[in-house]
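Working notes for the structure below.
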Amino acid sequence: MKLATLADSSRDGHLVVVSRDLTRCASAAAIAPSLQAALDDWASARPALLALADALERGALASAPFDQTGARSPLPRAYQWLDGSAYVNHVALVRQARGAEMPTSFWHDPLMYQGASDTFLDPRQPIVLASEDYGIDMEAEVAVITGDVPMAANRARAGAEIRLVMLVNDVSLRHLVPAELAKGFGFLQSKSSTAFSPVAVTPDELGTAWDGARLHLPIEVELNGVPIGRPHAGIDMTFDFPALIAHAAKTRALLAGSIIGSGTVSNRGPDGGPGRTLAEGGVGYSCLAELRTVETIRYGAPKTPFMRFGDDVRIAMNDAAGQSVFGTIHQRVARLT
């Protein structure tokens, strides 16, 4: 089942079910007015939404064209947005770039930060910022939306509460990061508003690409129409989603509608070292910071600039048949006026 939120006069938008090929949709207002409302009553809403999605696939009910440009992030705002760093290769490279030591604990204790969940961007909404000097970067990720997760949930319970899967552009302002982290209190200004894919899907919709813990498909990233990365989300993921959810719930419960991110998808090279660019036969990168780090290792300094006003980023994922799974995050960087 694929779900999306269309813009209307409310803050939380209008819930629709979307066809598997992302061409048609049907209102789910009779079941739940918003995705958050459906998640709050998932035991009742899920079977009704599944029946609606099945009728849509069979052409057994009235539908409308699904226009991704009119979609909001599936949850336009959420009770909780927690982003991990499940791909420790990415953490190691980025820390190396800023001369920070990599503690060995990072390989067995997940990193996670609490992001702003009241200002999510729509998947086609511009990334508006006041200055290019912030070091504007994309981060292509996978995320899950949970049901109610009790405090101290074990791995099995945490995994059972995964309701939906989607993609993320976790915008990062790299030049603001070092000073913030030096204060010892975490990210705030260096993490701008986040965007999610037009469509969120139930795990069963992913077939064999979903193993209950990881999504085994490549994530595709383009900058100004040029592919820069196609790393595989199921490879080199040190902490899977049940582990991330259990980590987040160690000392507090998570309410239905909590979003847990994987962190930047990152693959090592075949030799275990930094990955290579697409042009060199590698899988490339999901963020510019990682590319710049590899350039620094090789050439002594980065060659690729961070994003500038007018730059255009696309993030998507196709299944084994080449069909778009979540739709496309497509954003342009714009100056605050």
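Residues in the stretch 62-72 that are surrounded by 15 or more Cβ atoms within 10 Å (Cβ to Cβ) and aliphatic (A, V, I, L, M): 71 alone. Within the set 3, 75, the sole residue that is part of a loop (DSSP other than H, G, I, E, B), open to solvent by less than 30 Å² (accessible area, probe 1.4 Å) and either closer than 18 Å to residue 145 by Cα or among the hydroxyl-bearing types (Ser, Thr, Tyr) (or both) turns out to be 75. Listed conditions (1) closer than 12 Å to residue 259 by Cα; (2) in contact with a helix residue (DSSP H, G or I) (Cβ under 7 Å, 6 or more places away or on another chain); (3) not basic (Lys, Arg) are all met by residue 158, apart from (1). The lone criterion from (1) open to solvent by less than 10 Å² (accessible area, probe 1.4 Å); (2) farther than 20 Å from residue 121 by Cα; (3) without any contact (Cβ under 8 Å) to a residue 40 or more places away in the chain left unmet by residue 49 is number (3).
Scanning the stretch 193-228 for residues that are without any contact (Cβ under 8 Å) to a residue 12 or more places away in the chain and part of a strand (DSSP E or B) turns up just one, 226. Taking (1) within 19 Å of residue 100 (Cβ to Cβ); (2) at pLDDT below 95 in turn, residue 271 satisfies each apart from (1).
For the stretch 305-319, the set of residues classified as assigned to a loop (DSSP other than H, G, I, E, B), touching a residue at least 40 places away in the same chain (Cβ under 8 Å) and surrounded by fewer than 22 Cβ atoms within 10 Å (Cβ to Cβ) consists of 308, 309, 311, 319, listed by residue number. Could you check how many residues of the stretch 229-252 are among the polar types (S, T, N, Q) and either under 20 Å from residue 137 (Cα atoms) or not in a loop (DSSP other than H, G, I, E, B) (or both)? Qualifying residue count for the region: 0.
Is it the case that the stretch 254-274 has a residue that's closer than 24 Å to residue 145 by Cβ, open to solvent by 50 Å² or more (accessible area, probe 1.4 Å), out of contact with any helix residue (DSSP H, G or I) (no Cβ under 9 Å at 6 or more places or on another chain) and not in a strand (DSSP E or B)? First the steps, then the outcome.
Initially, the stretch 254-274 is screened for residues closer than 24 Å to residue 145 by Cβ, giving 254-266.
Among the residues that remain, those that are also open to solvent by 50 Å² or more (accessible area, probe 1.4 Å) are: 255.
Then keep just the ones that are out of contact with any helix residue (DSSP H, G or I) (no Cβ under 9 Å at 6 or more places or on another chain); that gives none.
Checking the stretch 254-274: not a single residue is closer than 24 Å to residue 145 by Cβ, open to solvent by 50 Å² or more (accessible area, probe 1.4 Å), out of contact with any helix residue (DSSP H, G or I) (no Cβ under 9 Å at 6 or more places or on another chain) and not in a strand (DSSP E or B).
Just to be sure before I move on: is residue 32 in a loop (DSSP other than H, G, I, E, B), crowded, with 16+ Cβ neighbours inside 10 Å and in contact with a strand residue (DSSP E or B) (Cβ under 7 Å, 6 or more places away or on another chain) in the structure I sent? Answer is yes for this residue. Open to solvent by less than 10 Å² (accessible area, probe 1.4 Å), touching a Cys at 6+ places or on another chain (Cβ under 8 Å) and either over 20 Å from residue 323 (Cβ atoms) or part of a loop (DSSP other than H, G, I, E, B) (or both): is that true of residue 293 in this structure? Here the answer is no, as residue 293 does not meet what is asked. Screening 86, 97 for residues that are surrounded by 14 or more Cβ atoms within 10 Å (Cβ to Cβ) and either within 15 Å of the chain's Cα centre (by Cα) or modelled with pLDDT of 95 or more (or both) leaves exactly one candidate, 86.
As a summary of the residue check, residue 127 satisfies the conditions (1) exposed (fewer than 14 other Cβ atoms within 10 Å of the Cβ); (2) of a type outside the set (S, T, N, Q); (3) closer than 22 Å to residue 223 by Cα except for the one numbered (1).
The values are calculated or read from the model by the stated rules, or taken from the named source; none is laboratory data. Everything quoted here is computed from the prediction, not taken from an experiment. Backbone-built Cβ (ideal geometry, glycine too); neighbour counts: all protein chains shown. Side chains included, ligands, DNA and RNA excluded: accessible areas come from the protein's heavy atoms. Shrake-Rupley method; radii C 1.70, N 1.55, O 1.52, S 1.80 Å.
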